[in-house]
C-alpha cells in the first residue's frame, strides 16, 4: 500500500473481511527476490480481485473463518479449504455455500440493539475524565433549535449523541457571524459539524465532552466539511478518537466513533483507538444488516487505554491504539479515522 493505492471500504466494519480475503491470497506467486530479500511489489497487487458480495455474505465469510479457528487444528484445515473455495470463485459467489465447514448465518427477526454497550464505553471515558457524579449536559436533549445561536447552558462535562448524518438542520441561511462556529461555518445540508461546534460552545473553559459521531465526520473531504475537519484536527481540543464496531445500534446506522474533546489544555497529540474488530457477531437481519455486541472486556480495554493516556501521557498497543502528533496528522491530510494510524 502507498499514498497512491488504497483499499476503499463502504463500511469500516468490513476491515475484517478484507483482511480475511487477503490472508487467503497465495503470496508465493506474488513474491519476488532472493531468500535474503523477498518483496511484494505494488504492481503485483493491482490485478488482485477481491470478491465483494452483499454485506450479509461478507459477514458470513468472516464468521465461517472465525468458527474454523475456534474449532482448533482441524478447523484450521477447514479454514484453508473455505479460503481456497472463496478465492477460487471470485466470479461465482454461490460457490462459497458449497465449501466445506461453512456454518449458516444466524438470522435475527427483530433488530438487535446493543447501544448500551457503546454507552458503557462513554461512561468509562467520562469517569476517566473525572466526571463521576458530575452533572452532565446532554447537548442534543437540551438543544431545541440547532440554528438558535443561544446555547441552552454551559457545563463542565457534556455528551452529544446526534442522529447519524442528519441532513438539513435549518431553513435559513447559516449565519457566518454565529459565535459558535469557532472551527468554521458548517454547511446547511449536513448537521455533523454543527453538533460538534454546538458541543464546544456548551463546554466550560476547563470542560470536556464525549461525542458519538458517524465516521463521515472523521474523513469528510467535500466542501466545507473538509475545512472543518482540518480545523478540528488542529484545534488542540481532540483528546481521543475511538472507532466502534458496526452493528451495535438497532437502527442500522453506519459504524460510529467516539470523540473526546477537552478544553483543559492537557491534550498533546491525539490518542487513536481502533476497536472495530472487538465486536461479537450476533446475527444477520433479513435486510442484510449485521448486528454485533461489544463485550464488557472490550469496553474495559478501551477505557483502560484512555485512562492510561490521561494519567501517563502515552499509550501504544500494536493494532489497537497509539498517540499521534500534529505533524503526523498533517502527513495524513488531517484524517481522524483511527484505522489510518493504528497498525
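Of the conditions (1) without any contact (Cβ under 8 Å) to a residue 60 or more places away in the chain; (2) touching a strand residue (DSSP E or B) at 6+ places or on another chain (Cβ under 7 Å); (3) closer than 17 Å to residue 213 by Cα, residue 119 clears all except one; give me its number.
(2)
How about segment 184-273: which strands (runs of 3 or more DSSP E) wholly inside it have at least 3 residues that are farther than 26 Å from residue 113 by Cα? Please lay out each step first, then the result.
Details: elements: 203-214, 238-243, 256-262.
Output list reads 203-214.
Given the condition within 22 Å of residue 291 (Cβ to Cβ) and either modelled with pLDDT under 95 or part of a loop (DSSP other than H, G, I, E, B) (or both), answer yes or no: does some residue in segment 138-161 qualify?
Keep residues of segment 138-161 that are within 22 Å of residue 291 (Cβ to Cβ), which gives 161.
From the residues that got through so far, the ones that are either modelled with pLDDT under 95 or part of a loop (DSSP other than H, G, I, E, B) (or both) too are 161.
Yes, segment 138-161 contains a residue that is within 22 Å of residue 291 (Cβ to Cβ) and either modelled with pLDDT under 95 or part of a loop (DSSP other than H, G, I, E, B) (or both).
Out of all the residues in segment 277-304, which are in a helix (DSSP H, G or I) and surrounded by fewer than 23 Cβ atoms within 10 Å (Cβ to Cβ)? Give the derivation first.
Within segment 277-304, the subset in a helix (DSSP H, G or I) is 277-278, 296-304.
Correct list: 277, 278, 296, 297, 298, 299, 300, 301, 303, 304.
Condition first: closer than 28 Å to residue 124 by Cα and either in contact with a strand residue (DSSP E or B) (Cβ under 9 Å, 6 or more places away or on another chain) or surrounded by fewer than 16 Cβ atoms within 10 Å (Cβ to Cβ) (or both). Now tell me which residues in segment 167-193 satisfy that.
Hit for segment 167-193 is 192, nothing else.
The values are calculated or read from the model by the stated rules, or taken from the named source; none is laboratory data. If you're wondering where the values come from, they're calculated on a predicted model, not measured in any experiment. Note that each Cβ is placed from the backbone with ideal geometry, even for glycine, and that neighbours are counted across all protein chains shown.
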